Each structure stands twice: as structure tokens, then as C-alpha cells.
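Peer 1: If you scroll down you'll find the structure; I have some questions about it.
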Amino acid sequence: MTSTTYHPSSAASTGGRLDVIVIGAGQAGLAVAWHLAQLGRRFLILDAGPEIGHTWRSRWDSLTLFTPAEYDALPGMPFPAPAGSYPTKDQVADYLAAYAARFELPVLLNAAVTRLSRERDHFSVRTGQGILTAQQVIFATGPFQRPVVPALARQLSTSVVQLHSSQYRNPLDLPSGRVLVVGAGNSGLQIAGELASTRDVHVAVGTSPKTVPQRILGRDLFWWLTRLGVLTKPPTSRLARRFRARGGDLVIGSHPKELRRAGVRMRPRLVGGEGRTVRFADQSTCEVDGVLWATGYRPDYSWIDIPSLCGSDGQIVHRRGVTDVPGLYVLGQPWQHTRGSALLGFVKDDASWLARVATARARDLDEARASAC
């Protein structure tokens, strides 16, 4: 099922300028769009992909959510899977597409934003399909933008197959023999476990995030997290500060002890390599046939032509999604307001708040302009 598509020419025919442009048609973008529609705003969602849910469909074949289906709903529409089941990545993609279609959310696909600039009283958004203007812009592109591969990857022989986790689909993508997985987060350990049944797998562990089981005392982890209020704690809370000091992420279900029993060898941090040989922090070495880089992502806002929007870390500077640039907002970032801010099924609270704030500020501005006239 495909979503309604809104073309730039349609905007021009109704006066050209939109109230809001939402960049990104993932869970954050669709959630805030639902609220904008309830508030009567004229808006358009832009997405770089050829279809809604494309980012989810592009992830590895066996990926499933950690959150049971009953916790995965966006506002106004339950997730269509039995409670207690863990949706696949394709089920998530199907849900997002069906959601946009059901509520007739205006989405322009194949519309990667190449430049965003602030004009006198509006924003100009350039895409491959034309230039759009709006009073307000909401970034909803999420945290996974530019894959990171360490420079030492270039030290390895071209005969070593190297993939970032974003490129991995299934074990056939990597050679038989010995594979090194670099990174011990959720993606790295899940993929290592999948590879272990057919390959000699080693995992290079830089930092060890806290590992928790999927089920505790017969209940799913998210049953406990929601009832204990962990997912709704703001980043300034004592619990959140302690949690973030330990890395801020949880590895769910993939315990290193279980991987060791499956034959996976845990190694220290990767520090170097030459040819087909990799070297670890304890100075041990091994020969590899393939490397899977589960080394995360960095933000990429190089297309934004607005000075001082981003901090020294490359992230957009904001307070609960509100930036210092009037009319510019961000949604779906980790710890934007709570631990659940970037999660499907939990982003709706931030989306509701931000849509209301943006709408109120726009109305205040309109009233001020009217008074000035």
C-alpha cells in the first residue's frame, strides 16, 4: 500500500507556502504529521526513499524489534500484530506505509533535501523535485544518518570483505571462514549470533554496554520499563544520568555468555591491522576473511545552510526539540526528552508536545504580524 503523494506543483497552486515541512517519513515524521493534521496545519512530509518504510526494509533480513507489538503503535492506529509478538522489519515498514495511507498524510517520496536555508520570514527547502517554502520545519530524520567505518579499515587487504552493519542483509554477504564483528552493541551482537552457526566469529569489544534479558520473571523487559517509568524519565533525572553515564544504551537479549557458548570469541578493542591480520588492545592477533563494522552512525547536516544550528559534536542544539532558530524543530532523537524519544511506539508523546508548541508559536507570530499591520 502506498501513501498519498503531494507534489510541489500542488503547493504552488494553493499559494506556495506551507505551514510546516516535515523532513523524514519514518515513525517520528509520521507521528508528528498525525498531530499536525489534527491541529489543522498545512504541511508536507519529505522523504528521500522510494517508498515509506524504505529504511526499515533496507536493514538485515532477520531483524526484529525488541519491543512487543502492543508497544509499537503510532497515534491513532494500533500495530497489527498479536500482543507479545516481536514484529519483523518488513512488518514495521508495512505498518508505516499503511499508517500514512489510512490518515492520508501528504508524503513526497524520492525527495532528498539538498539544502535548507532561512529566508526573512520562512524556510526554503531544496529537493531534487524543486524548492518548497514553509513557515516552520521539523527534522524527523532520526539518529542513523552517516555510517561510521574507522580509518584502520583501509589498512586491511582488499581480499578481506568489509561491510558496515547498514550494508549487511544475511550471512551470504560475508565469506566463509573467520569473520570479525567490530562493535558489541545490539546490531553487532545480533549479527554475530546469526553468523556463528556457519562461521568462526570473533567480536571486538570497545565498550561493554549493559546487557539485559528480553524477559524477566516471565514478563517482557518493556513491561517492566513502562511500569517502572524508565522510558518516561527526562535526561536530567538521576536515573537517566546514571544510565547515560554507562553508555546510554542497552543490549537486549544478546548476552556475551550465550554467544560464547555458541562459539563466538570475544576480543578486546580493535587497534590495528595489516593485510589480513587484525590486532587487538591486548596485542593478540588473528587472520580474518571478513569484517562486519557495527560501529554506528554520525549525524550529517551538511545540507543545512543555517549557521550555529549544530554544536561541536555535529548534533542539532535544541531543548526538547526546540532549536534557537525560530520555527525550526527536531524530533526522534535519542534522549530528546526521555529514553523512549527515538523508539517506535514511544515517540508519539514528543510528537504531540512538539506539534502543539510549534502550532502555538506560529499562531502567536501570525497575531503579532496582524497587530503590526
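The values are calculated or read from the model by the stated rules, or taken from the named source; none is laboratory data. Since we're looking at a predicted model, the values are computed, not measured. Using ideal geometry, Cβ is built from the backbone for each residue, glycine included, and neighbour counts are taken over all protein chains shown.
Peer 1: Take the residues in the stretch 320-339 that are outside any strand (DSSP E or B) and of a type in the set (A, V, I, L, M, F, W, C), then tell me which one is surrounded by the most Cβ atoms within 10 Å (Cβ to Cβ).
Peer 2: Out of the qualifying residues, it is Leu331.
Peer 1: Any residue that is closer than 21 Å to Asp350 by Cβ and touching a Gly at 6+ places or on another chain (Cβ under 8 Å) - is there at least one of those in the stretch 110-122?
Peer 2: There is no residue in the stretch 110-122 that is closer than 21 Å to Asp350 by Cβ and touching a Gly at 6+ places or on another chain (Cβ under 8 Å).
Peer 1: Going residue by residue through the stretch 32-45, is there one that turns out to be part of a loop (DSSP other than H, G, I, E, B), free of Cβ contacts under 8 Å to residues at least 24 places away in the same chain and not charged (D, E, K, R)?
Peer 2: yes
Peer 1: Something else about it: For residues in the stretch 355-373 being within 19 Å of Ile45 (Cβ to Cβ) and out of contact with any His (no Cβ under 8 Å at 6 or more places or on another chain), which is surrounded by the most Cβ atoms within 10 Å (Cβ to Cβ)?
Peer 2: Filtering first and then ranking leaves Ala358.
Peer 1: Could you please give the count of residues in the stretch 177-222 that are free of Cβ contacts under 8 Å to residues at least 60 places away in the same chain and over 20 Å from Val161 (Cβ atoms)?
Peer 2: 12
Peer 1: Would you confirm, using the coordinates I've provided, whether Val357 is in contact with a strand residue (DSSP E or B) (Cβ under 9 Å, 6 or more places away or on another chain), among the aliphatic types (A, V, I, L, M) and part of a loop (DSSP other than H, G, I, E, B)?
Peer 2: no
Peer 1: So, in the stretch 113-126, of the ones that are modelled with pLDDT under 95 and not acidic (Asp, Glu), which residue ends up farthest from the chain's Cα centre (by Cα)?
Peer 2: Arg120
Residue-by-condition table, conditions (1) modelled with pLDDT under 95; (2) of a type in the set (A, V, I, L, M, F, W, C):
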position: Ile23; (1), (2): no, yes
position: Gly29; (1), (2): no, no
position: His35; (1), (2): no, no
position: Leu39; (1), (2): no, yes
position: Arg42; (1), (2): no, no
position: Thr55; (1), (2): yes, no
position: Phe66; (1), (2): yes, yes
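Peer 1: Please identify the pairs in which a residue from the stretch 358-373 that is free of Cβ contacts under 8 Å to residues at least 12 places away in the same chain and assigned by TED's automatic domain parsing to the domain that holds Val330 has its Cβ atom under 6 Å from the Cβ atom of a residue that is assigned to a helix (DSSP H, G or I) and exposed (fewer than 11 other Cβ atoms within 10 Å of the Cβ), counting only partners at least 6 apart or on another chain.
Peer 2: Listed by first residue and then by second, the contacts come to nothing, as the list is empty.
Peer 1: Okay, moving on. Before we move on, is Phe66 part of a loop (DSSP other than H, G, I, E, B) and crowded, with 23+ Cβ neighbours inside 10 Å?
Peer 2: When the stated conditions are applied, Phe66 does not pass them.
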